[in-house]
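Novice: Below you will find the structure I want to go over with you.
The values are calculated or read from the model by the stated rules, or taken from the named source; none is laboratory data. No experiment lies behind these values; they were computed from the predicted model shown. Please note: Cβ atoms are built from the backbone with ideal geometry, for glycine as well, and neighbour counts cover all protein chains shown.
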Amino acid sequence: MSLININIKKYYNNFGLTCDFSISNGITGIFGPSGSGKSTLLNALAGFIKPDLGQISIQSQSFFDSNKKINIPPDKRNIGYVTQKANLFPSMSVDENINYGYKKQNKIKLNRIIDIMNLNNLMEKLPGEISGGQSQKVAIARALASNPSVILMDEPLSELDLNSKLMILDYLKKIHIEYKIPIIYVSHDIAEMIAICDNVFLINRGSITKNISPTELIYENSNESDFQNIYSVVLDNEKNLKLNNQTIQINEPVENNHLTIMIPSSSVMVANIENNFLLSDNVFDGILKNIVEFDSHIKLVCDVGFEIIADISKEYYQKSNMKLNDKICVIFKSISVVISKS
Amino acid sequence: MVIESLILTLEIAIIATFINIPISFLCAVIATRSNNETAKFLIDIIVSLPLVLPPVVLGYFLLITFSPSGLIGGMLDALGFEIVFTKFAAVLACALVSFPLMSRAFIISIQSVNKDLEKIARSLGSSNINTFFTITIRESKFGISGGILLGFARALGEFGATIIFAGNIEGVSRTIPLAIFQSIQTGDDQNLTLLILCSVILGILSVSINNILIQRSKKNK
């Protein structure tokens, strides 16, 4: 059953947003290039922009209806909003920021949010005293504390470094598992989308063009040769991680039971040979699931018990004579595995 | 004479500042939050005019408005109130001259608050008015305090409008600037030195506190 129904039109002098789609539970991605209307759509959902025509309803409650002249103000919509910059209230401590929208009758308990997001040591600090990644964690906790029915995230990781990005993805998954609040996640980063979304809508020039699964994004639009394979993993022992029954070796010991890792596609090697004579710490047998050709390089989608994308040169691809569904071997060094640090 | 002038100056400047705070605040709210462009344009003129006109001209406007033959003065005279050449006239003159400094500082501080903070607050369930007071005003508090101080400092040094509208009457309207003028006229060098010293100390204090507030405001962003 659809949770959020959106059918709106909004016209500007040089741009028009026309969207007609429905969103169900889970984490829904809105993917599109800059200026495609992603943020305008979120602003309309949150009530900061009034559409010219149409309807918006969330959990059967009408938030906007141009025919019935309904336009519920943002403070009555119960929608969490996380922006690109954390936008913490500068003169308030982390504690005051999180408490700003919190009401005691909320079913979400503040202490639990603080525990999940690991914010206990930051509560007395001012936003100016914490890092960008920590600020974004606080912003997410603040949105959660207001007990929202939906959380809108407008490119929340785009200004963060890789480690902070992995850390936040880690926390986002944790909160989604714990609270099951639907999230609408806007980004133009394919790796982020694949890592976190259950379902993706493509938006271009103000219109929703397609509804696809996150992994299909790779075929839609990625000419970048530095794709990030991002996974949620479970700790097996201090230098081994479990991912779908496969063991990934890492370079440095870790303590967290659940973490997010990133393997750059440029560090992944693919060969159409058996692995029995290869000496490397991460070698996996599998099948070549897809080949996507770009101007500068080729992306190979490999299934080795988990899906991993590798970038190879056109020359190597031609020499290797690899074909779809070939048995292949995927290799990457443990040192190339980037691990989230809380 | 010096102590009396100092106390009178502080008294008049403080009252003028308190009169200006709500008016400047109202102007700042209209200038920054109103969707009515005409209202914004009018506020801009009201806020800018006292800044560009000579204080003597402002004093003259006050005189013709509040004199018993003037528009407001006539009504007040009928009710038994007389304003011209009183302490209240000095307060009004100081308030009018210092008003643009305070209101402009209020407008700039409120405008400089990141609009996304207000959006976030709204999404967290805060109403428009609550957001304005708990976020906008809170985040612009150093700029607002600086504006109050700047207005107060300007009121301390007001001369032109006061002498025209309130005269130079000892114990009524003879603030430090007017007392300095009096001492120069009468050649009272001893009092002149003390009055100038008072004036300089008050100026340095005001500017220093204002600078501290500006620094804290920048640090807070």
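Novice: For segment A:179-212, enumerate the residues that are farther than 21 Å from A:N5 by Cβ and either small (G, A, S) or in contact with a Leu (Cβ under 9 Å, 6 or more places away or on another chain) (or both).
Specialist: Listed by number, the residues that qualify are A:Y179, A:S187, A:D189, A:I190, A:A191, A:E192, A:M193, A:I194, A:A195, A:I196.
Novice: Here are B:L192, B:L213, B:L205, B:L197: which of them is touching a residue at least 40 places away in the same chain (Cβ under 8 Å), in a helix (DSSP H, G or I) and not small (G, A, S)?
Specialist: B:L213
Yes/no per residue for (1) buried (at least 17 other Cβ atoms within 10 Å of the Cβ); (2) of a type outside the set (K, R); (3) part of a helix (DSSP H, G or I); (4) more than 19 Å from the chain's Cα centre (by Cα):
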| site | (1), (2), (3), (4) |
| --- | --- |
| B:P22 | no, yes, yes, no |
| B:L26 | no, yes, yes, no |
| B:T32 | yes, yes, yes, yes |
| B:N35 | no, yes, no, yes |
| B:I43 | yes, yes, yes, no |
| B:L49 | no, yes, yes, no |
| B:I64 | no, yes, yes, yes |
| B:F81 | no, yes, no, yes |
| B:L92 | yes, yes, yes, no |
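Novice: Now a separate question. In segment A:141-178, which residues are surrounded by fewer than 23 Cβ atoms within 10 Å (Cβ to Cβ), out of contact with any Leu (no Cβ under 7 Å at 6 or more places or on another chain) and within 21 Å of B:L117 (Cα to Cα)?
Specialist: A:N147, A:S149, A:V150, A:E155, A:S158, A:E159, A:L160
Novice: Does A:N25 qualify as being within 13 Å of chain B (Cβ to nearest Cβ), over 22 Å from B:K115 (Cβ atoms) and of a type outside the set (A, V, I, L, M, F, W, C)?
Specialist: For A:N25, the condition - within 13 Å of chain B (Cβ to nearest Cβ), over 22 Å from B:K115 (Cβ atoms) and of a type outside the set (A, V, I, L, M, F, W, C) - is not met.
Novice: Of everything in segment A:307-327, what is buried (at least 16 other Cβ atoms within 10 Å of the Cβ) and of a type outside the set (D, E, K, R)? Give them in sequence order.
Specialist: Residues satisfying the conditions are A:I308, A:I309, A:A310, A:I312, A:Y317, A:S320, A:M322.
Novice: It is to be established whether one or more residues within segment B:134-150 are among the aromatic types (F, W, Y), crowded, with 20+ Cβ neighbours inside 10 Å, away from every other protein chain (no Cβ under 14 Å) and in contact (Cβ under 8 Å) with a residue 60 or more places away in the chain.
Specialist: Within segment B:134-150 (the criterion being among the aromatic types (F, W, Y), crowded, with 20+ Cβ neighbours inside 10 Å, away from every other protein chain (no Cβ under 14 Å) and in contact (Cβ under 8 Å) with a residue 60 or more places away in the chain), the answer is no, since none of the residues qualifies.
Novice: Looking only at residues that are assigned to a helix (DSSP H, G or I) and in contact with a Lys or Arg (Cβ under 6 Å, 6 or more places away or on another chain) in segment A:116-169, which one is farthest from the other protein chains (Cβ to nearest Cβ)?
Specialist: My answer is A:N163.
Novice: Just to confirm my filter: which strands (runs of 3 or more DSSP E) fall fully inside segment A:257-320 and include at least 2 residues that are of a type in the set (D, E, K, R)?
Specialist: The qualifying strands (runs of 3 or more DSSP E) are A:282-293, A:298-303, A:307-312.
Novice: Continuing with this model, one more query. Being buried (at least 18 other Cβ atoms within 10 Å of the Cβ) and under 20 Å from A:E178 (Cβ atoms) is the filter here, so list the residues in segment A:95-115 that pass it.
Specialist: Hits for segment A:95-115 are A:I98, A:G101, A:Y102, A:I113, A:I114.
Novice: Considering (1) on the phi > 0 side of the Ramachandran plot; (2) within 14 Å of chain B (Cβ to nearest Cβ), say which one A:K104 fails and leave the rest.
Specialist: (1)
Novice: Scanning segment A:50-80 for residues that are crowded, with 18+ Cβ neighbours inside 10 Å and out of contact with any Phe, Trp or Tyr (no Cβ under 8 Å at 6 or more places or on another chain), which turns out farthest from the other protein chains (Cβ to nearest Cβ)?
Specialist: Per the stated criteria, the residue is A:F64.
Novice: If you don't mind, another one. Find the residue count for segment B:171-189, including only residues that are outside any helix (DSSP H, G or I), of a type outside the set (S, T, Y) and touching a helix residue (DSSP H, G or I) at 6+ places or on another chain (Cβ under 8 Å).
Specialist: Adding up the residues that qualify gives 4.
Novice: In addition: Identify, from the list B:A105, B:A39, the residue that is farther than 19 Å from B:F132 by Cα and of a type in the set (A, V, I, L, M).
Specialist: Unique residue meeting the criteria: B:A39.
Novice: Let me ask another. In segment B:154-166, is there at least one residue being away from chain A (no Cβ under 14 Å) and among the acidic types (D, E)?
Specialist: yes
Novice: Write out, first by first residue and then by second, each pair whose Cβ atoms fall under 9 Å of each other, whose residues are 6+ apart or on separate chains, and whose first residue, in segment A:318-334, is within 17 Å of A:F284 (Cα to Cα) while the second is modelled with pLDDT of 90 or more and small (G, A, S).
Specialist: Between residues of segment A:318-334 that are within 17 Å of A:F284 (Cα to Cα) and residues that are modelled with pLDDT of 90 or more and small (G, A, S), the close pairs are A:K327/A:G286; A:I328/A:G286; A:C329/A:G286; A:V330/A:G286; A:V330/A:A310; A:F332/A:A310.
Novice: Could I ask something else about it? Please tell me if B:C94 is of a type outside the set (S, T, N, Q) and under 16 Å from B:G157 (Cα atoms).
Specialist: It is true that B:C94 is of a type outside the set (S, T, N, Q) and under 16 Å from B:G157 (Cα atoms).
Novice: When B:K119 is evaluated against the numbered criteria (1) more than 12 Å from chain A (Cβ to nearest Cβ); (2) part of a helix (DSSP H, G or I); (3) among the charged types (D, E, K, R), which criterion, by number, is the only one it fails?
Specialist: Here B:K119 clears every test but (1).
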